[in-house]
Amino acid sequence: MSASERRTVVSVEQALSMSYATQRFVHLGWRVIRVEAAPREGRRTAGDPNRYIGRAVAGEDRHSYYVAPNVGKQAIAVDLKREGGRELLHRLVRELPVDVFCTNTLPARHRDLGFDYETLAAVRPELIWCCISAMGLSQPDVPGYDPMMQALCGYMDITGHPDGPPLQCGPPLTDLKAGDEAFTQVLLALLEREESGPGRRIDISMARVAVSWLQTFLPMLDMGSPATELRRAGNEHRQFIPVNAYPTRDGFVYVAVGSDAQWSRLVGQAPFASLDEARWATNEGRRESREELHRAIARITERKSTGELVEVLSRAGVPHARITPIEGVMDLPFVAPALLETEAPDGRRIRLPPPAVDTPFLRERGGKLPFAPAYGEDTDAVLAEVGLSGAQIRRLHEEGVVA
């Protein structure tokens with residue numbers, strides 16, 4: 001990638017949603033500089049709170065929860081509550097120059113910290129400015145985390161078993177969906193900028209992006225489906241029958257029959273021949289007695305090993321899967337070759353999730369990315385890059401403007 005193709009992103013980010021979004025820019029080979037707050041008197045830790053979550057990996061400020069979304073980035077620490085800190089940020093945006101500014105700081109704080117859209121657009125009119133927040137810029141005082149959004153936006157009402165309590169999804173879906181949306185919208189804005197010239201503001205609401213994913217739920221309420229039909233269904237699919245996890249002699253197997261043709265192939269196999277009844281030939285017929293059918297399938301599967309059932313289901317061309325334990329995911333044959341990796345300061349090799357889609361930048365580097373930056377690790381180097389002398393940088397440290 002040539003220097004002219006490498007974009008520069010400055011992000012006042014913490015936690016996951018925006019850190020994940022800017023990690024996707026790292027996968028493209030872009031430069032990402034994360035800006036964190038300078039130390040505060042009375043606070044035990046400094047910078048992104050996620051630095052201190054999980055097991056310590058590299059010193060006190062790089063714990064396990066922080067590492068993966070921040071590999072390949074640079075980190076600077078600036079006190080944006082001071083005028084001198086805000087002036088530094090503006091200098092960086094103007095002189096690096098910065099293509100994209102990102103933040104997931106509470107919108108009510110943007111203007112006071114000197115990075116609201118109007119302020120930064122005046123510094124660099126072609127800047128793409130992107131914010132992730134709980135409810136969008138129209139509700140600037142509302143904080144939000146992923147579990148709260150899953151509760152608010154209906155996810156917990158549709159996750160879990162019918163006779164159990166509401167549950168959150170395992171992965172932080174609303175954080176990740178918001179991050180993916182930020183990534184997509186920034187790319188679209190850059191494309192538009194190539195055609196029109198000026199930058200623009202991107203306003204992403206975690207709540208709105210969460211609800212946007214309820215494609216197969218909300219419209220059905222207006223088309224005759226009662227709410228009870230959409231609520232928690234355990235491992236079942238609410239519409240396609242049978243789609244469920246079934247017990248085996250040594251574990252579980254997940255079976256996903258998505259058409260009547262697949263059902264016909266399933267009951268054509270000896271173990272399932274007893275289910276070849278006219279009333280179950282169509283999906284609607286199977287829906288009418290779904291509980292009876294699930295019990296009948298379970299009586300068959302629990303007498304066989306998972307391996308035996310995998311052979312039968314493969315022979316029938318019926319979609320299925322073993323239940324992979326989390327510790328086995330990175331060893332899956334389609335995952336292992338695509339994994340990224342980084343090296344901790346003590347020499348440990350740390351595997352990272354693969355990118356959603358491979359990129360030339362990652363291929364050129366063999367999927368290896370520099371370890372996540374320490375707190376303030378790149379402050380002095382970045383300030384020197386925009387023309388500050390060693391004496392000026394030392395004075396900023398002494399005054400507490402940077403760390």
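State, to one decimal in nm, how far the label point of VAL357 lies from the label point of LEU176, with both points 7 Å from Cα in the Cβ direction.
It is 1.8 nm.
How many nm is it between the label spots at GLU308 and MET330, if each spot is 7 Å from the Cα in line with the beta carbon?
Reported label-point gap for GLU308 and MET330 is 3.5 nm.
Looking at the chain, send over the antiparallel percent of its DSSP beta bridges, to the nearest 5.
If I count the DSSP bridges inside the chain, around 40 percent turn out antiparallel.
Using the Karplus equation 6.51 cos²θ - 1.76 cosθ + 1.60 (θ = phi - 60°), what ³J(HN,Hα) coupling, rounded to whole Hz, does each residue of segment 390-403 give in order, writing x for Gly and Pro?
x, 5, 5, 5, 4, 5, 4, 4, 4, 7, x, 6, 10, 9
Using only the alpha carbons, work out the radius of gyration and Dmax of segment 3-116 in angstrom.
For segment 3-116, the Cα-based Rg and Dmax read 14.1, 44 Å.
Could you tell me the distance between the Cα centroids of segment 367-403 and segment 193-238, to the nearest Å?
41 Å
What is the spread of the Cα atoms of segment 82-209 along each of their three principal axes, largest first, in whole Å?
59, 36, 22
Among the trypsin sites (Lys or Arg not before Pro) in segment 268-348, which ones are in a DSSP loop with at most 15 other Cβ atoms within 10 Å of the Cβ? Mind listing them?
ARG303, ARG348
What are the ³J(HN,Hα) values, in whole Hz, obtained from phi via the Karplus relation 6.51 cos²θ - 1.76 cosθ + 1.60 with θ = phi - 60°, for each residue of segment 168-184 in sequence order, with x given for Gly and Pro?
Couplings: 7, 5, x, x, x, 4, 6, 4, 6, 4, 5, x, 4, 5, 4, 4, 5 Hz.
Restricted to Cα positions, what overall size does the chain have along the principal axes? Three whole-Å values, descending.
Dimensions of the chain along the principal axes of its Cα atoms: 84, 50, 47 Å.
Among the lysines, select those whose C-alpha is under 24 Å from the C-alpha of LYS368, and discard any that sit fewer than 8 residues away in the same chain.
The qualifying lysines are LYS73.
Amide H to amide H under 5 Å from THR248: which residues, 5+ apart in sequence or cross-chain, H placed 1.01 Å off N in plane?
For THR248, whose amide H was placed from the backbone, the distant partners under 5 Å are VAL253.
Rounded to the nearest 500 deg cm²/dmol, what is the calculated helix-only ellipticity per residue at 222 nm for the chain, with -39500 (n - 2.57) per DSSP H run of length n ≥ 4?
When only DSSP H runs of four or more count, the value is -9500 deg cm²/dmol.
Using every alpha carbon pair in segment 243-324, what percent of pairs falls into each 10 Å bin from 0 up to the bin containing the largest distance?
For segment 243-324, the binned pair fractions read 19, 59, 21, 1 percent.
For ARG348 and ALA278, what is the calculated FRET efficiency with R₀ set at 60 Å and r taken between the beta-carbons, to the nearest 0.05?
Calculated value: 0.50.
No lab work stands behind these numbers, since they all come straight from the coordinates. Because the structure is a prediction, the values reported are computed rather than measured. Counting neighbours? That spans all protein chains shown, and the Cβs are built from the backbone with ideal geometry, glycine included.
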